[in-house]
Amino acid sequence: MDSSPKKIDAKQADLNDPLRSFRERFALPDGVIYLDGNSLGALPKSVRQRVATTIDEEWGVQLIRSWNTADWVHLPQRVGAKIGRIIGAAEGTVVAADSTSINLFKVLSAALDLNPGRSKIISELDNFPTDLYIAEGVAKQINKGHRLVLADAPADIPAMLDDDVAVLMLTHVNYRNGYRHDMAALTKAAHEKGVLVIWDLAHTAGAMPVDLTGANADFAIGCGYKYLNGGPGAPAFLYVSPRHQGGFRQPLSGWFGHRAPFDFTPSYSPSNRIEQYLCGTPPVLAMVAMDEAMSLWDEVDMAALRAKSIALCDFFIQEVGTFADEFGLKLVTPRNPDLRGSQVSYSCENGYAIMQALIARGVIGDFRAPDIIRFGMTPLYLSFTEVGQAAGVLRDILATRAWDAPEYHVRGAVT
Ligand SMILES: Cc1ncc(COP(=O)(O)O)c(C=O)c1O
């Protein structure tokens with residue numbers, strides 16, 4: 001019996017797509033098939049006008065009054081609440097602030113403080129490097145003998161959780177191969193050993209439904225510029241479970257984390273709410289773009305989003321599967337949708353040059369060293385027809401060896 005997924009008819013799938021009307025809400029250039037929304041989300045059209053209004057009216061005319069009249073001051077909480085709604089986090093548990101790296105510094109420091117007398121931080125070798133670098137930095141900064149211990153593979157993690165582990169720190173969906181951890185099961189296993197858990201949702205938020213409350217997560221962080229479409233360098237977010245708010249400090253004790261910033265007292269008295277995780281003045285223009293991008297999510301049926309994401313990935317895997325072996329492309333993303341996020345990755349020789357040749361033909365994905373070509377599936381603005389076409393262009397580039405032109409071997413600073 002053939003157990004492979006049913007062949008997808010791209011035209012029919014597009015006609016049946018309940019999310020297809022979202023496409024026109026994004027500014028995407030003609031001639032581009034955008035498979036990199038997992039790295040930088042596309043521009044929601046309404047962001048342009050909203051930022052222009054903020055610049056021309058709120059900044060240009062209202063000037064400093066806008067901190068109150070346009071409520072700039074509460075943008076981190078307002079944006080945080082919108083993000084919270086799609087990651088299963090209650091009001092008052094999420095703020096938008098700083099970058100993912102900085103937010104990890106804050107929550108990891110707090111988690112270690114909450115779990116004293118234990119020395120290990122567990123993560124995995126293939127976690128996104130900034131997470132590992134920040135953990136190294138935090139351990140050094142605290143200077144109490146904490147050490148980072150890395151699993152070689154996801155399957156090794158449960159056995160590594162023992163009485164000396166303070167924190168388990170994982171990225172839910174792996175940035176390179178798209179492998180997805182079982183958040184609820186790992187959080188439960190960690191809690192049974194007294195371990196606190198931090199989830200990096202960089203490749204999860206806006207890519208699929210997630211339930212931080214249901215999973216009983218302790219802390220989470222994530223990017224605003226990927227599937228959430230907040231713009232290049234958009235503010236990141238962080239989640240702190242209500243049971244961990246108050247009673248301890250995160251170390252970046254700036255005035256926005258004070259219980260009454262405008263009392264201007266000389267010593268720091270931390271807010272015992274999520275606001276403690278704010279540090280300084282929010283970047284209003286970037287926050288406003290993020291706020292506008294997030295407003296679209298109120299209309300998104302997250303179950304439909306996930307169903308389409310799975311179908312887009314299946315379709316791409318199916319199409320590329322017809323020629324992958326012939327050209328040495330090895331699928332590194334799990335075929336089982338329960339084990340993956342919303343991207344499809346292949347390892348291959350000359351991956352960098354192949355990706356440059358694809359980009360030159362209008363199919364934009366990206367390359368991750370040492371040998372991974374990555375294709376992000378963003379259900380709000382991608383069609384099945386485009387995904388099928390992208391696979392066709394990839395085949396053509398491989399068959400003609402178009403990637404072997406000298407210009408495609410020249411490395412840019414960003415890959
Ligand atoms: C899993 C993960 N964490 C963190 C980051 C980046 O963090 P930052 O926005 O601080 O550069 C990325 C960026 O791609 C990522 O994939």
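The values are calculated or read from the model by the stated rules, or taken from the named source; none is laboratory data. Please read all numbers here as calculations on a predicted model, not as lab measurements. So basically every Cβ, Gly included, is an ideal-geometry build from the backbone, and we count neighbours across all protein chains shown.
Kindly indicate whether N336 is at positive phi and either assigned by TED's automatic domain parsing to the domain that holds A205 or surrounded by fewer than 21 Cβ atoms within 10 Å (Cβ to Cβ) (or both). Against the criterion (at positive phi and either assigned by TED's automatic domain parsing to the domain that holds A205 or surrounded by fewer than 21 Cβ atoms within 10 Å (Cβ to Cβ) (or both)), N336 does not qualify. In segment 98-111, the residues that are closer than 13 Å to M169 by Cα form Cβ pairs under 7 Å with partners that are more than 12 Å from the ligand (Cβ to nearest atom) and of a type in the set (D, E), at six or more places apart or across chains, as follows: A111/D218. Quick one: would you say A217 is outside the structural domain of D371 (by TED's automatic domain parsing), away from the ligand (no atom under 12 Å from the Cβ), under 13 Å from G88 (Cβ atoms) and in a loop (DSSP other than H, G, I, E, B)? Answer is yes for this residue. The residues on offer are G392, G412, G351, G365, and the sole one that is more than 26 Å from Q12 (Cα to Cα) and in contact with an Asp or Glu (Cβ under 8 Å, 6 or more places away or on another chain) is G351.
All conditions in (1) within 16 Å of the ligand (Cβ to nearest atom); (2) within 29 Å of G246 (Cα to Cα) hold for A190, with the sole exception of (1). Where helices (runs of 4 or more DSSP H) fall entirely within segment 29-106, those with at least 1 residues that are within 16 Å of the ligand (Cβ to nearest atom) are at 75-86. Starting from residues that are touching a residue at least 12 places away in the same chain (Cβ under 8 Å), small (G, A, S) and in a loop (DSSP other than H, G, I, E, B), keep the ones in segment 115-174 and report whichever is nearest to the ligand (Cβ to nearest atom). Going through the qualifying residues, I end up with A153. Taken residue by residue, segment 400-415 has at least one member that is modelled with pLDDT under 95, among the polar types (S, T, N, Q) and under 23 Å from the mean Cα position of the chain (by Cα). Residues of segment 324-365 that are among the acidic types (D, E) and either assigned to a helix (DSSP H, G or I) or more than 18 Å from T415 (Cβ to Cβ) (or both): D325, E326, D338.
Whether any residue in segment 134-151 is out of contact with any strand residue (DSSP E or B) (no Cβ under 9 Å at 6 or more places or on another chain) and within 18 Å of H244 (Cβ to Cβ) is what I want to check. Scanning segment 134-151, I find at least one residue that is out of contact with any strand residue (DSSP E or B) (no Cβ under 9 Å at 6 or more places or on another chain) and within 18 Å of H244 (Cβ to Cβ), so the answer is yes. For segment 380-415, which positions are more than 20 Å from I317 (Cβ to Cβ) and among the basic types (K, R)? Within segment 380-415, R401, R411 qualify.
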